[in-house]
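So the structure is just underneath, and the comments pick up after that.
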Amino acid sequence: MSKTDKLFPKLKEMVGEANVIQDPEKLKAYAIDGKKPKVIVSPGTIDEVSKIVAYANQQHFIVIPRGNGTKMGMGGIPKKVNIILSTNRLNRITDSDSENLTLSAESGITLSEVQDSLAKLGRGYFLPLDPPFTNQATLGGIVATNSSGPKRLLYGAARDLIIGTKAVFPNGDMVISGGKTVKNVSGYDMCKLLIGSYGTLGILCEMTFKLLPLPEKEATLSLSFGKLEEADGFVRQLRISQLIPSSIEILNSIAVENMKYPRSMPQNGNYLVTVGLEGVTESIGRQVSEMSEMGKKNGVLETMTLDSDKHRAFWIALRNFSQGLSEKYPNFIGLKSNLLISKSGEMLGNYERIARESGIECAFICHAGNGILHSYILPGKNFRSRIESFVHFIGGLTSEAVKNEGNLVVESSPLSIKKKVDVWGQSRSDYLMVRRLKGQIDPAGILNTGRFVGGI
Amino acid sequence: MEREKLIEESIKIVGKENVLSSETDLLLYGYDASLFRGKPDCIVLPGSTEEVSKIVKFAHEAGIHVLGRGSGTNLSGGTIPTQGGIIIHFSRMNKILEIDIENQRAVVEPGVFTLALKNALARYGYVYQPDPASEKVSTFGGNFGENSGGPHCLKYGVTTNHILGAEVVLSNGEVVQVGGKSLDNPGYDLTGLLVGSEGTLGIATKLILRIMPKPEAVKTMLAIYNSLEDAGKTVSAIIGDGIVPATLEMLDKLTIKAVEESIHAGFPLDAEAVLIIELDGLKDGMERLAERIMEICKKNNVREVKAAKNEAERMQLWAGRKGAFGAIARLRPNYLVCDGTVPRTKLPEVLAKVMEVGRKYELSIANVFHAGDGNLHPLILFDERNEEELRKVHLAGSEIMKLCADAGGTISGEHGIGTEKKKEMLFVFTPQDIRAMEKVKRAFDPEDLYNPGKVLPEVEA
Ligand SMILES: Cc1cc2nc3c(=O)[nH]c(=O)nc-3n(C[C@H](O)[C@H](O)[C@H](O)COP(=O)(O)OP(=O)(O)OC[C@H]3O[C@@H](n4cnc5c(N)ncnc54)[C@H](O)[C@@H]3O)c2cc1C
């Protein structure tokens, strides 16, 4: 019997027949960058994860962890895809302790399930993360990719919210880091190492997060501007003020048009700035009026306040922008640039200019309080013939980002583009340590091989 | 290598005036704020990253241990040269390199004092949030090494949430940049891994910090209690009600007595405990939130809640809190600070058990701590010349760690493991967990040259 033939009965023995998929037809849907797995396995306990991984390590099978698959297109082209380890049965909330403002849950549960359960608890709580793919993304996938959203400005990202992890390392060891206390300096902070490690060091099985009570009130202020300098002027003034917005977004008109939210821009309106506000009731009204004043000083064309339903709908549409886009532009290319905060507006302008010069249509959404700029290339017709120009364009934006102490990551793109660019952007001096850590923790190279920085 | 040769080589790199090696020097650098003692071979005071890199490279080739040191105020024996070697003291690398308001970042050398940056930022109306009580003398290198906390970390997070990048000298002398001024750089979060690694993985020569505009309004209250338990219950109740104030600090009777004798912060001497509760942020709604907190205090039998009427009164309360360790040091010749942390719901129960431990060993325990974070600091008072007492102190300290661990907590919230709590690591970690950490250590420092013998206990392979 070949190594692979032995694998199937072994996995079935570990997790039960029903939790192993080997039907080639079904496997097709799980292909990553065109590479089809041999098998999908869905463990139901951490212990089962440990057994699967230990076995794979021994036999040198490459294991790719998967939540709900919203981010499987991210990262480099995998070296091989042997076993896909699905976390969909690891979907329990294991400890919901609102009195301590913490929650522990397994990695396969979706964030929206967690939020629903927290909202019903006592006075109402939430886990302050708002990444894309609101309804499908699992906690494990969100944390492994360090996915975040607009509200990060106020609440921070996974690294600020996670206080404990349980993960299975490549040798099969279940490794615990942190716990249920909001402060902890006992040993190395392995949580930080795992967050954003794209499943290359361990399989995240359970995580503990800090919680917050739901804000008393929320609102959105939406301001349209004719010129980027005006929008940026407003944002700059807001950033240095003592006001406390939860998010500051700048969208160009192409982004507004492609968003699944009915917001039309006034005539001459080219940029939309939206500011999220949440907190005690008294603070909202005052911030809205001060920000409206700031808008006027900076040449705003139109100011609108969205509350409750509209507010919610707007932010969901913004977070799920790329999902909406893929219906109309299945070949779209999504880029994420991390920049100096102060350069947010200026870089958006630079990118727009380069796009115009290259004749490429691009939507831009910038988290202007954090210096994160998302660019979406809308390819239109004749994709094949334009591949070179897209690759050239991505290179142009990357060097622009690097010049400004930032970088650029290709988050989603057709395989033909992936083959021609380093999706992780410009290489960094610390990749040396990334490689050494990978070498120590995963010496056989079985976890997610080929998909992360430096080809690890 | 012979000590003479080692000193000679060091002098070649940093100059004679920047190498210390007299017996007095070795004694001075042989201790820190913990109870441990050791002896280095020499002390080097580099002036630049390049010099640090050269020293480390030389040490690497010769197989000599290297230990980074700021002010030596850490409380866990983190800077004790238990196995000799070179101490790199950052007193000359003490410049604030950049205050970049537009990008909300500051860049500092590791020898800068925490408070020095805050004073420099005040001019711009900006703050660096973490505020260890030792901030007047603690350095950023030390804050980075220990992942230090402080009262305002309840709302704003600890050091790790405010260090976004660093220039790091690896154990072979190579220099790498981790993180940066911008967020989300591709690759592992090495900055996050290095913060709190107690100088065992890398030596930072530059740090990139997050700074933010000073909050518009602040309100500071002193809640006075006739019972320690009620104070503890109040803390759990405030968090349980979903309120996260900027600070929620507790001082008990013995601490109050010590503080009032030396600092006169205005804490009532007949109280069993006080809480310092501070709110900050926008002025809107702050009064209403303060009232909600007062209601909770009342429900938990508070005797009185006083609000600081002006900045002077506020500073006085904080002087009392920040000077508490120093004040307690006047009560007995020595103290051991325990740093156990528990889930906030467990606070009243664990506090009661801590006091029981004191009674059991007939030791005085003072409590002054970050209650809102569940981060206890029982200070066990003693005289180290009394061997029997010293023995009991170590037993009591370990027992307190154990009961924090058993309550679902941990053995250190902000002071680190160092030399002191290696054994207790196994209260909270399995050998598997430790082995994973060993791999991290090996990746960074395969020869075990950086601060050897710290943090990780020996476990079977
Ligand atoms: C009275 C008093 C009050 C205190 N209050 C608090 C408090 O409220 N909160 C709190 O968290 N702590 C507190 N501490 C503990 C201590 O002050 C902190 O841990 C502080 O951050 C240590 O700074 P330091 O400059 O003295 O560092 P050191 O003690 O010199 O070093 C600490 C650790 O960092 C490492 N290190 C130093 N420089 C570097 C570098 N450049 N690169 C890498 N590693 C380095 C060292 O090797 C060591 O392991 C207190 C201590 C005292 C004595």
Inset, instruction - Report those strands (runs of 3 or more DSSP E) wholly inside segment B:300-389 carrying at least 3 residues which are within 16 Å of the ligand (Cβ to nearest atom) and touching a helix residue (DSSP H, G or I) at 6+ places or on another chain (Cβ under 8 Å). - result: B:334-337, B:365-369, B:378-382
Inset, instruction - Considering each of A:Leu85, A:Leu90, A:Leu11, A:Leu118 in turn, give the residue that is surrounded by 16 or more Cβ atoms within 10 Å (Cβ to Cβ), part of a strand (DSSP E or B) and not hydroxyl-bearing (Ser, Thr, Tyr). - result: A:Leu85
Legend entry - Residue list for segment B:399-411, filter: assigned to a helix (DSSP H, G or I) and more than 11 Å from B:Tyr361 (Cβ to Cβ): B:Met401, B:Lys402, B:Leu403, B:Cys404, B:Ala405, B:Asp406
Legend entry - Filter result for the condition that a residue is outside the structural domain of B:Ile208 (by TED's automatic domain parsing), under 30 Å from B:Leu381 (Cβ atoms), assigned to a loop (DSSP other than H, G, I, E, B) and touching a helix residue (DSSP H, G or I) at 6+ places or on another chain (Cβ under 9 Å), over B:Ser76, B:Ser34: B:Ser76
Inset, instruction - Note down all Cβ pairs under 8 Å where the first residue falls in segment B:407-431 and is more than 9 Å from every other protein chain (Cβ to nearest Cβ), the second is part of a helix (DSSP H, G or I) and among the hydroxyl-bearing types (Ser, Thr, Tyr), and they're at least six residues apart or on different chains. - result: B:Lys423/B:Ser398
Inset, instruction - Sort out which residues of segment B:162-177 are within 8 Å of chain A (Cβ to nearest Cβ), more than 12 Å from the ligand (Cβ to nearest atom) and open to solvent by less than 20 Å² (accessible area, probe 1.4 Å), and write them in order of number. - result: B:Val176
Inset, instruction - Among the candidates B:Ser148, B:Ser197, B:Ser134, single out the residue that is open to solvent by 20 Å² or more (accessible area, probe 1.4 Å) and either over 17 Å from the mean Cα position of the chain (by Cα) or touching a residue at least 40 places away in the same chain (Cβ under 8 Å) (or both). - result: B:Ser134
Inset, instruction - Go through segment A:56-79 residue by residue and tally those that are in contact with a Ser or Thr (Cβ under 7 Å, 6 or more places away or on another chain) and either polar (S, T, N, Q) or outside any strand (DSSP E or B) (or both). - result: 8
Inset, instruction - Name the one entry in B:Leu121, B:Leu154 that is within 17 Å of A:Gly156 (Cβ to Cβ) and either more than 10 Å from the ligand (Cβ to nearest atom) or more than 14 Å from chain A (Cβ to nearest Cβ) (or both). - result: B:Leu154
Inset, instruction - Could you run through segment B:267-294 and say how many residues are within 12 Å of chain A (Cβ to nearest Cβ) and either open to solvent by less than 10 Å² (accessible area, probe 1.4 Å) or in a strand (DSSP E or B) (or both)? - result: 4
Inset, instruction - Looking only at segment A:280-297, count how many residues are open to solvent by 20 Å² or more (accessible area, probe 1.4 Å) and out of contact with any helix residue (DSSP H, G or I) (no Cβ under 8 Å at 6 or more places or on another chain). - result: 9
Legend entry - Test: residue in segment B:63-70 that is part of a loop (DSSP other than H, G, I, E, B) and either modelled with pLDDT under 95 or open to solvent by 20 Å² or more (accessible area, probe 1.4 Å) (or both): yes
Legend entry - First in segment B:93-117 and in the same structural domain as B:Leu164 (by TED's automatic domain parsing) and at positive phi, second anywhere and aliphatic (A, V, I, L, M) and assigned to a loop (DSSP other than H, G, I, E, B), Cβ under 9 Å, 6 or more apart: B:Gln104/B:Ile211
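Condition check ((1) in contact (Cβ under 8 Å) with a residue 12 or more places away in the chain; (2) out of contact with any Leu (no Cβ under 7 Å at 6 or more places or on another chain); (3) more than 11 Å from chain B (Cβ to nearest Cβ); (4) assigned to a loop (DSSP other than H, G, I, E, B)) across all residues:
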position	(1), (2), (3), (4)
A:Asn171	yes, yes, no, yes
A:Ser177	yes, yes, no, no
A:Lys180	yes, yes, no, yes
A:Val185	no, yes, no, yes
A:Gly196	yes, yes, no, yes
A:Thr220	yes, no, yes, no
A:Phe234	yes, no, yes, no
A:Gln242	no, yes, no, yes
Legend entry - Positions within segment A:319-349 being open to solvent by less than 30 Å² (accessible area, probe 1.4 Å), of a type in the set (S, T, N, Q) and within 22 Å of A:Asp422 (Cα to Cα), in sequence order: A:Ser322, A:Ser337, A:Asn338
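The values are calculated or read from the model by the stated rules, or taken from the named source; none is laboratory data. Here the structure is a predicted model, which means the values were calculated and not measured. Ideal geometry is used to build each Cβ from the backbone, glycine not excepted, and the neighbour counts take in all protein chains shown. We work out accessible area using only protein heavy atoms, side chains counted, and drop any ligands, DNA or RNA first. Shrake-Rupley method; radii C 1.70, N 1.55, O 1.52, S 1.80 Å.
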